[in-house]
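Only one structure is covered here, and it is reproduced in the block below.
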Amino acid sequence: MQLYKEQKLKITNSLTGKKERFKPINEGHIGMYVCGPTVYSNVHLGNCRTFMSFDMIFRYLRHLGYKVRFVRNITDAGHLVDDADEGEDKIAKKARLEKIEPMEVVQRYTVDFHKILEQFNFLPPSIEPTATGHIIEQLEIIKEILNKGYAYEVNGSVYFDVKKFSESFEYGKLSGRKLEDMITNTRELTAQSDKKSPQDFALWKKAEPQHIMRWPSPWGDGFPGWHLECTAMSTKYLGDTFDIHGGGMDLKFPHHECEIAQAEASNGLSPVNYWLHANMLTLNGKKMAKSTGNNILPGEIFSGENPILSKPFAPAVVRFFMMQAHYTSILDLSNDALLASEKGYHRLMDAFDNLGDLVTSGKSDFNVQEWQQKCYDAMNDDFNTPTLIAHLFEAVKHINLIKEGSESITLADKELLQQSMNSFIFDVLGLEGKSADYQDSDKLQAVVQLLIELRNEARSNKDFNTSDKIRDQLSAMGIQLKDGKEGTTFSVS
RNA sequence: GGCAUCGUGGCCGAGUGGCUAGGCACAGCUCUGCAAAAGCUUGUACAGCGGUUCGAAUCCGCUCGAUGCCUCCA
């Protein structure tokens with residue numbers, strides 16, 4: 001279904017700072033690149049939020065009927081711990097600390113990354129390329145940039161010449177910086193540098209003898225600079241100019257700015273039509289970051305093993321919590337906020353479960369068609385998931401009213417509601433259904449049903465000791481009985 | 001210091017120049033054997049100070065505060 005023909009999508013383009021009507025280069029097809037993780041430690045929740053925002057965007061674009069080629073890389077080389085001239089490769093450092101091979105580090109944390117994303121119910125990207133798998137492509141780009149005169153070689157390293165570049169191109173257009181300001185405001189570098197000026201950045205770094213991760217190049221053994229891989233991999237799989245490039249806010253400068261410069265220097269073309277930036281997840285009001293230790297691991301949320309948490313939270317609850325905020329807003333994580341989201345999540349899911357059993361009639365008190373378009377309008381407005389969720393709760397209210405008998409719905413409306421709620425909750429927001437361990441269990445269903453019958457018998461005999469014992473003990477086990485007009489149902493938390 | 005973003009009711013969090021966002025919590029009511037669930041009702045929120053306007057929380061200016069980037073970071 002080519003929904004995109006009727007649903008007009010607008011997205012906030014960081015390049016222009018405006019909300020723009022989205023138009024892909026080739027109708028019906030979208031190329032999207034997102035900067036992936038550097039796999040030198042466990043993914044923390046802040047990383048997950050960015051990837052989750054783009055997972056939701058990927059899901060919605062697909063839902064609209066676009067054929068999306070979604071590329072998200074794994075950075076397994078080239079990022080330095082410190083200043084580009086002095087630092088140690090993060091992965092090499094971790095390898096040294098843990099006394100293992102660099103590629104063991106990469107393997108370990110790539111596996112962790114995939115495991116966590118799977119628990120969060122992520123869709124896999126179309127292509128997940130690695131930096132070390134694209135050294136040749138990176139070397140080719142360096143040669144091209146050297147050819148065009150926008151880079152220079154010093155002592156086996158190659159640097160991008162920002163000053164030269166900005167004579168013909170606009171360096172800083174993404175992050176709103178001016179080169180003159182940057183020159184006057186540059187901090188003093190403690191290390192002596194091969195660079196002609198501090199704004200220049202490395203395309204290729206010479207490897208010192210002790211450096212393990214190294215590749216041969218025309219300038220001697222070395223490793224690629226940290227902005228280059230994304231230019232190489234995005235253009236290789238998506239073309240010289242593609243539709244969407246995403247990443248965390250913190251990558252806007254210098255990483256994405258340098259990506260633009262590299263691409264423009266090598267072929268003169270602006271690489272990306274729409275730049276999207278996901279905002280930070282904060283903890284205690286401060287950005288989560290691996291380097292500062294102010295972070296929380298997904299595993300700690302799932303298990304509840306963290307001092308700020310009063311209990312464990314399911315991955316779907318965390319996902320729901322994140323979807324309740326717009327991807328361009330800063331979101332602060334707290335126990336209270338998660339608790340509130342958990343309740344809301346269950347209310348939404350319970351209502352969806354009840355939807356199938358609703359009795360239909362000849363008329364509807366709920367204009368489902370209009371409601372559905374409101375949901376689309378929310379998503380079309382720069383993927384406004386919080387507004388979408390507000391609309392979903394409007395549907396929840398109607399479902400409950402219909403269940404109570406205060407409102408009615410036609411069969412056609414019920415089916416439409418069921419189908420669109422399913423699309424928005426599961427396909428677009430990516431919220432998993434109830435935990436499989438009990439939903440799949442027919443036996444549990446039967447056992448609880450039996451207890452419900454026993455309780456009802458006890459109640460009709462006014463044996464409230466027995467009936468309350470059943471209800472309270474089930475509740476203690478996490479099974480809630482809910483008495484309604486149509487009988488008793490239950491939910492498991 | 002420079003660039004940028006933000007400051008919404010008890011908490012989280014949308015949004016718009018004039019029309020109830022939503023979730024959670026709280027209170028009252030309905031239902032119930034009592035509860036829970038569900039429903040109904042109630043909140044005179046938009047950092048402060050000025051300005052533009054018939055009208056601004058929404059536009060402009062200033063002040064204060066917070067955060068991000070400027071060095072690796074989703």
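Just to check your reading of the model, which residue among A:226, A:219 is in the same structural domain as residue A:50 (by TED's automatic domain parsing), within 9 Å of RNA strand B (Cβ to nearest atom), open to solvent by 10 Å² or more (accessible area, probe 1.4 Å) and part of a loop (DSSP other than H, G, I, E, B)?
Among A:226, A:219, only A:226 is in the same structural domain as residue A:50 (by TED's automatic domain parsing), within 9 Å of RNA strand B (Cβ to nearest atom), open to solvent by 10 Å² or more (accessible area, probe 1.4 Å) and part of a loop (DSSP other than H, G, I, E, B).
Only residues that are in a strand (DSSP E or B), more than 7 Å from RNA strand B (Cβ to nearest atom) and closer than 18 Å to residue A:250 by Cα: list them for segment A:273-305, please.
Within segment A:273-305, A:274, A:275, A:276, A:277, A:283 meet the criteria.
Which residues, counting only those in segment A:14-72, are in contact with a Gly (Cβ under 8 Å, 6 or more places away or on another chain), β-branched (Val, Ile, Thr) and over 30 Å from residue A:109 (Cβ atoms)?
Once the filter is applied, which keeps residues that are in contact with a Gly (Cβ under 8 Å, 6 or more places away or on another chain), β-branched (Val, Ile, Thr) and over 30 Å from residue A:109 (Cβ atoms), segment A:14-72 yields only A:25.
Go through segment A:248-272 residue by residue and tally those that are of a type in the set (Phe, Trp, Tyr) and part of a loop (DSSP other than H, G, I, E, B).
Summing the residues that are of a type in the set (Phe, Trp, Tyr) and part of a loop (DSSP other than H, G, I, E, B) in segment A:248-272 gives 0.
Failed condition for residue A:353, given (1) assigned to a helix (DSSP H, G or I); (2) open to solvent by 20 Å² or more (accessible area, probe 1.4 Å); (3) touching a helix residue (DSSP H, G or I) at 6+ places or on another chain (Cβ under 9 Å), with all others met?
(3)
Restricting attention to segment A:158-183, which residues are charged (D, E, K, R) and more than 10 Å from RNA strand B (Cβ to nearest atom)?
A:161, A:163, A:164, A:167, A:170, A:173, listed by residue number.
Quickly run through segment A:55-83 and pick out the residues that are surrounded by fewer than 24 Cβ atoms within 10 Å (Cβ to Cβ), modelled with pLDDT under 95 and not in a strand (DSSP E or B).
A:79, A:81, A:82, A:83
Looking at segment A:5-40, which of the residues that are in contact with a helix residue (DSSP H, G or I) (Cβ under 8 Å, 6 or more places away or on another chain) and of a type in the set (S, T, N, Q) is nearest to residue A:67 (Cα to Cα)?
A:7
Any chance you could count how many residues in segment A:356-395 are closer than 28 Å to residue A:486 by Cα and polar (S, T, N, Q)?
Total meeting the criteria: 6.
Kindly list, by first and then second residue, each pair from a residue in segment A:462-475 that is farther than 19 Å from residue A:444 by Cβ to a residue that is among the polar types (S, T, N, Q) and more than 8 Å from RNA strand B (Cβ to nearest atom), limited to pairs with Cβ atoms under 9 Å and residues at least 6 apart or on different chains.
A:467/A:456; A:467/A:461
Are any residues in segment A:144-171 open to solvent by 80 Å² or more (accessible area, probe 1.4 Å), within 16 Å of residue A:264 (Cβ to Cβ) and over 33 Å from the mean Cα position of the chain (by Cα), and if so, which ones?
Result: A:147, A:148, A:163, A:167.
So which residues in segment A:295-337 are buried (at least 21 other Cβ atoms within 10 Å of the Cβ), farther than 30 Å from residue A:414 by Cα and free of Cβ contacts under 8 Å to residues at least 40 places away in the same chain?
A:313
With respect to residue A:467, determine if the residue is farther than 30 Å from residue A:326 by Cα and over 38 Å from the mean Cα position of the chain (by Cα).
yes
So which residues in segment A:113-137 are closer than 14 Å to residue A:37 by Cβ, surrounded by 17 or more Cβ atoms within 10 Å (Cβ to Cβ) and within 16 Å of the chain's Cα centre (by Cα), if there are any at all?
A:113, A:116, A:117, A:120, A:122, A:125
Of (1) in contact with a Lys or Arg (Cβ under 7 Å, 6 or more places away or on another chain); (2) over 23 Å from residue A:417 (Cα atoms); (3) of a type outside the set (Lys, Arg), residue A:358 satisfies all except one. Which?
(2)
Out of everything in segment A:12-54 that is more than 12 Å from RNA strand B (Cβ to nearest atom), at pLDDT below 95 and not in a loop (DSSP other than H, G, I, E, B), what residue ends up being most open to solvent (accessible area, probe 1.4 Å)?
Among those residues, the one meeting the criterion is A:21.
Checking residue A:182 against (1) part of a helix (DSSP H, G or I); (2) within 26 Å of residue A:77 (Cα to Cα); (3) not small (Gly, Ala, Ser): exactly one of these is not met. Which one?
(2)
In contact (Cβ under 8 Å) with a residue 24 or more places away in the chain and open to solvent by 60 Å² or more (accessible area, probe 1.4 Å): which single residue out of A:93, A:99 fits that description?
A:93
Identify the residue in segment A:338-350 that is over 26 Å from residue A:249 (Cβ atoms) and of a type in the set (A, V, I, L, M, F, W, C) and, among all such residues, is most open to solvent (accessible area, probe 1.4 Å).
Among residues in segment A:338-350 that are over 26 Å from residue A:249 (Cβ atoms) and of a type in the set (A, V, I, L, M, F, W, C), the one most open to solvent (accessible area, probe 1.4 Å) is A:339.
Got a sec? Which of A:427, A:472, A:483, A:468 is within 13 Å of RNA strand B (Cβ to nearest atom), open to solvent by 60 Å² or more (accessible area, probe 1.4 Å) and in a helix (DSSP H, G or I)?
Testing whether each residue is within 13 Å of RNA strand B (Cβ to nearest atom), open to solvent by 60 Å² or more (accessible area, probe 1.4 Å) and in a helix (DSSP H, G or I) leaves just A:472.
Can you name the residue in segment A:360-418 that is of a type in the set (Gly, Ala, Ser) and surrounded by 20 or more Cβ atoms within 10 Å (Cβ to Cβ) and, of all such residues, is modelled with the lowest pLDDT?
Residue satisfying both the conditions and the ranking: A:364.
The values are calculated or read from the model by the stated rules, or taken from the named source; none is laboratory data. Since we're looking at a predicted model, the values are computed, not measured. We place every Cβ from the backbone using ideal geometry, glycine too, and count neighbours over all the protein chains shown. For accessibility, only protein heavy atoms count, side chains too; no ligands or nucleic acids. Shrake-Rupley method; radii C 1.70, N 1.55, O 1.52, S 1.80 Å.
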